[in-house]
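Participant: Handing you a structure now.
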Amino acid sequence: MENKSPDECLDCRTCCTRLEKVGVAFGVNQVLKDINLHIHCGQLTAIIGPNGAGKTTLFRAILGEVPFTGEIHNDLSHAQKPHDLIIGYVPQRLEYDATSPVSVLDLFAAALSARPVWTGQSGATIRAARSALDMVEAGQLLRARLGTLSGGQLQRVLLALALTPVPDLLLLDEPVSGVDPSGIDLFYRMVSDLRRRHHLAILLVSHDCAVVARHADRMLFLNRSILSDGKPADVLGSDIVIKTFGRVIIPEAAACARSSQEDGL
Amino acid sequence: MTHITSFIGILPFEWAHYAFMQNALLAVLIVTPLFAFLGCMVVNNQMAFFSDAIGHAGLTGIALGALLGMAETPLWSMLVFAVLMAVGITVLRRYSAASSDTVIGIVMSFTVACGVVILSRGGGFNKYSRYLIGDLLSITRGEILSLILVAALFLVFWLSSFNRIFLVSTNTSLARSRRVNIWFTQGLFACITALVVTMSIQWVGILVINALIILPAAAARNLARSMAAYLWMAAGMSVIAGVSGLITSYYWSSATGATIVIFGMVFYVGSLVAGRVRGR
């Protein structure tokens, strides 16, 4: 465990986001308690934990979507140009019905441009969307309707969207649920590559401990508070994780928790 | 406006010679694309039941106006009440553990009950039953001007806020990561919906106003493959259904709002079949 207090953290020049004593409560239900966490640039941090451990809530607190106690600081002093923190977010899933008339381009245009989507898109927006999609090998999906995409295609599209503009902090909330195994591998290779290329800080929530352990620099075991923090192999070997998930073998795809659920999809 | 109505008067149809039909046609041309645009995002946000509840709240607004001794059509009390209800439901949806259709169902039934109790006291409800079916043919020039004003306001909102509403309807966390203020956007959209619905109630009627909003959007969803196509198809179908319904209601002597809904339904069924045939 290395929940250092901010004062101890002298090597923190590249520390992008710092959570201090963060807590979230919904009514009497204390979902997160006493979260101290430094998220570093260029580091892929995987968060594992049982269902209802507060993983998604942690993201929603960082996004400012739910009220929280404690403090979240964003340090961008290392940035070349001063700017507000840019967060890229890839949701677990998008809720839409099969007839939803939303195209991939619509999603990009709404996020990137001030021009109302229903008046059409400018050439610049279309070019920006296409080059973002090309990054994740999905350029041909520009005009596709969301309802026609496979799980893997949709997650790559959402990743491309989260990376435009290049964020300081990338939040991935179970980004590969509903993606077939080859799609999962492609997705993680892209994420690892992006981290190196853009020096991103990445937080990744996943149920599939074994697979993320191969790609992550650091792993957190979260269950309302951070119970284990360190290198993936150490966290997966800690007593509390073994008690929750059983022994997880890296690198081959032994699974934990609900990963069997993902295999069939 | 006189130029427009006199232009309508040139048309070689019997109905086109009457001033009330000229006014009604103008009103239909303003209101139907507005309803269609609004309906597209109401459907996208899964708020169809919400807009229905706002329509029903009109009755309570009228009742409150009557209590306060306001004019025959107490637009202000209706507007204030509808906006309060829109904000109320938005807040309840956020803080209540009950599902949002349960919350809306409770609020709607209760407000309608309050309205009916107040208006029916002493057996005088019949006086207000015209609000249930509406009377588009009674619209005056001045009222058309106020509709134009609402349409202009709506257009400004629709140009400036559409992308944010769209992002919030797609995924709230994703919208938040794009710095969209979720609660403000949802609240504002609810208020604008309340404004448009309430302004139109006396002409199209509480019973069918929601169908006029939802049907064109639902029909366009069966065919559209992008947001732009979705909104413009809905607007086109809404205008055609509106004009067809108005003219038909003239010959049938039926309530205009309800007759337009029949045509809207024809579009919906037609688009459903066309969408299936195209195979998507």
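Participant: Once you put a point 7 Å from the Cα of B:I262 and another 7 Å from the Cα of B:A229, both along the Cβ direction, what distance in nm separates them?
Facilitator: Between B:I262 and B:A229, the simple spin-label model gives 3.2 nm.
Participant: Once both labels are modelled 7 Å past Cα along the beta-carbon direction, what's the B:S160-B:L84 spacing in nm?
Facilitator: 2.6 nm
Participant: Quick check on chain B: helices-only [θ] at 222 nm, where DSSP H runs of length 4 and up contribute -39,500 (n - 2.57) each and the sum goes over total residues. Nearest 500, please. Display every interim value, and only then the final one.
Facilitator: Numbers: 12 runs with 222 residues, N = 280.
That calculation yields -27000 deg cm²/dmol at 222 nm.
Participant: Return the Rg/Rh value of the protein assembly as shown, two decimal places, where both radii are evaluated on C-alpha atoms and Rh is the Kirkwood radius.
Facilitator: On the Cα set of the protein assembly as shown, Rg over Rh gives 1.05.
Participant: Largest first and in whole Å, what are the equivalent-ellipsoid semi-axes of region A:113-165 based on the Cα gyration tensor, each being the root of 5 times an eigenvalue?
Facilitator: Value: 19, 13, 10 Å, ordered largest first.
Participant: With springs connecting C-alpha atoms under 10 Å apart, model chain A as a Gaussian network and identify which of A:D84, A:D217, A:D185 has the largest mean-square fluctuation.
Facilitator: Result for chain A, Cα springs under 10 Å: A:D84 fluctuates most.
Participant: What do the square roots of 5 times the Cα gyration tensor eigenvalues come to for region A:108-209, in whole Å, largest first, as semi-axes of the equivalent ellipsoid?
Facilitator: One finds semi-axes of 24, 16, 12 Å for region A:108-209.
Participant: In the calculated pair distance distribution of region A:58-102, what percentage of Cα-Cα distances lie above 11 Å? Could you put the intermediate results ahead of the total?
Facilitator: On the way: 773 of 990 pairs.
In whole percent, the share of Cα-Cα pairs in region A:58-102 beyond 11 Å is 78.
Participant: How large is the convex hull of the C-alpha atoms of chain B per residue, in Å³?
Facilitator: It is 142 Å³ per residue.
Participant: Quick one: Cα centre-to-centre distance for region B:125-183 and region B:12-66, in angstrom?
Facilitator: For region B:125-183 versus region B:12-66, the Cα centre distance is 10 Å.
Participant: I'd like the FRET efficiency for B:F7 and B:S146, computed as 1/(1 + (r/R0)^6) with the beta carbon distance as r and R0 of 25 Å, rounded to 0.05.
Facilitator: That gives a FRET efficiency of 0.70.
Participant: Over the Cα atoms of chain A, how large are the radius of gyration and the largest Cα-Cα distance (Dmax), in Å?
Facilitator: Over chain A's Cα set, Rg and Dmax evaluate to 18.7, 57 Å.
Participant: Suppose we look only past 19 Å in the calculated P(r) of region B:214-280. What percent of the Cα-Cα pairs does that tail hold? Could you put the intermediate results ahead of the total?
Facilitator: Values: 721 of 2211 pairs.
Summing the P(r) tail past 19 Å for region B:214-280 gives 33 percent.
Participant: Could you derive backbone 3J(HN,Hα) for region B:27-35 from the dihedral phi with the Karplus parameters 6.51, -1.76 and 1.60 (θ = phi - 60°), listing whole Hz in sequence and x where the residue is Gly or Pro?
Facilitator: 4, 4, 5, 7, 7, 5, x, 4, 4
Participant: Let me check against my output: what whole-number percent is the relative contact order of region B:11-278, with C-alpha pairs under 8 Å and at least 6 apart?
Facilitator: Computed over region B:11-278, the figure is 31 percent.
Participant: Between B:N126 and A:R143, what is the label-to-label distance in nm when each label sits 7 Å out along the Cα-to-Cβ direction?
Facilitator: Taking the simple label geometry, B:N126 and A:R143 are separated by 6.1 nm.
No lab work stands behind these numbers, since they all come straight from the coordinates. What you see is a predicted model; the values in this text were computed from it and never measured. All Cβ positions, glycine included, derive from the backbone under ideal geometry; neighbour counts span all protein chains shown.
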